[in-house]
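Engineer: Before anything else, here's the structure in question.
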Amino acid sequence: MIKVGRRCHIEGVTPEQVFTTLSDPSLIGQILPRVQKTELYDRDDIARHAKLVTHMSMGGLFGTIRCEGDLTWQDNREIVFTVRTPLPVETRWVISPAINGTDVQVVMGIDLKPILGAMAAFVPEKTVADMLGSDLETALRGVARQTRQTVLARAAA
């Protein structure tokens, strides 16, 4: 399992505002660099669970892959997307109140063995970790940008 984490501080916004941005399926494609489309099924706000399908642009030989999994959340604190197919991936967003804003931490873990088998041993983990880290940094910037835009738009309305 390859795990990568990144964090940021978003000044002038609340955890609720960040959570609203992260939990809006229509914004996911604007926030996450590889996501081209999302589909949300069986959303249960009481159990805080839904089925989520994302279509991810992987480039090269892989093209666009369909990822199916479970989305769970704790209001205004955490969102976890656990992909079951085509390979195990867990992405956990933790949202915390901080002085003058909100801290956001995202950790992604990916297991290449189910899709690559024994060949996974030959995949350079640092290369994969660097790619994931870059995607997470882009995602954090996207969350910050989108949250600020939403806050400004609501203030102007």
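The values are calculated or read from the model by the stated rules, or taken from the named source; none is laboratory data. Just so we're clear, the structure is a prediction, and the values are computed from it rather than from any experiment. Glycine also receives a Cβ, built like all others from the backbone with ideal geometry; neighbour counts cover every protein chain displayed. Heads up: the accessible areas ignore ligands, DNA and RNA and are worked out on the full protein's heavy atoms, side chains in. Shrake-Rupley method; radii C 1.70, N 1.55, O 1.52, S 1.80 Å.
Engineer: Given the criterion surrounded by 12 or more Cβ atoms within 10 Å (Cβ to Cβ), farther than 19 Å from Lys3 by Cα and basic (Lys, Arg), identify the matching residue among Arg92, Arg148, Arg154.
Structural biologist: Sole residue among the options that is surrounded by 12 or more Cβ atoms within 10 Å (Cβ to Cβ), farther than 19 Å from Lys3 by Cα and basic (Lys, Arg): Arg148.
Engineer: What do you reckon, is Gly12 more than 27 Å from Lys113 (Cβ to Cβ) and over 13 Å from the mean Cα position of the chain (by Cα)?
Structural biologist: For Gly12, the condition - more than 27 Å from Lys113 (Cβ to Cβ) and over 13 Å from the mean Cα position of the chain (by Cα) - is met.
Engineer: Could you please find all residues in segment 32-47 being assigned to a strand (DSSP E or B), open to solvent by less than 70 Å² (accessible area, probe 1.4 Å) and touching a residue at least 24 places away in the same chain (Cβ under 8 Å)?
Structural biologist: Passing the criteria: only Leu40.
Engineer: Determine which single condition Ala98 fails, assuming it passes every other condition in (1) buried (at least 18 other Cβ atoms within 10 Å of the Cβ); (2) at pLDDT 95 or above; (3) among the small types (Gly, Ala, Ser).
Structural biologist: Unmet for Ala98, out of (1) buried (at least 18 other Cβ atoms within 10 Å of the Cβ); (2) at pLDDT 95 or above; (3) among the small types (Gly, Ala, Ser): (1).
Engineer: In this structure, does Gly12 turn out to be farther than 19 Å from Ser134 by Cα, small (Gly, Ala, Ser) and touching a residue at least 40 places away in the same chain (Cβ under 8 Å)?
Structural biologist: When the stated conditions are applied, Gly12 passes them.
Engineer: Additional query: Take residues that are free of Cβ contacts under 8 Å to residues at least 40 places away in the same chain and tell me which of the strands (runs of 3 or more DSSP E) falling wholly in segment 61-157 contain 2 or more.
Structural biologist: Result: 63-74, 78-85, 89-98.
Engineer: So, of the residues in segment 1-31 that are open to solvent by less than 40 Å² (accessible area, probe 1.4 Å) and assigned to a helix (DSSP H, G or I), which turns out to be nearest to Asp75 (Cα to Cα)?
Structural biologist: Phe19
Engineer: So which of Ala153, Ala120, Ala129 ends up being among the small types (Gly, Ala, Ser) and closer than 22 Å to Ser23 by Cα?
Structural biologist: Ala153 is the lone residue from the list that is among the small types (Gly, Ala, Ser) and closer than 22 Å to Ser23 by Cα.
Engineer: Output the number of the condition that Pro114 fails; it satisfies all remaining conditions of (1) at pLDDT 90 or above; (2) in contact with a Leu (Cβ under 8 Å, 6 or more places away or on another chain).
Structural biologist: (1)
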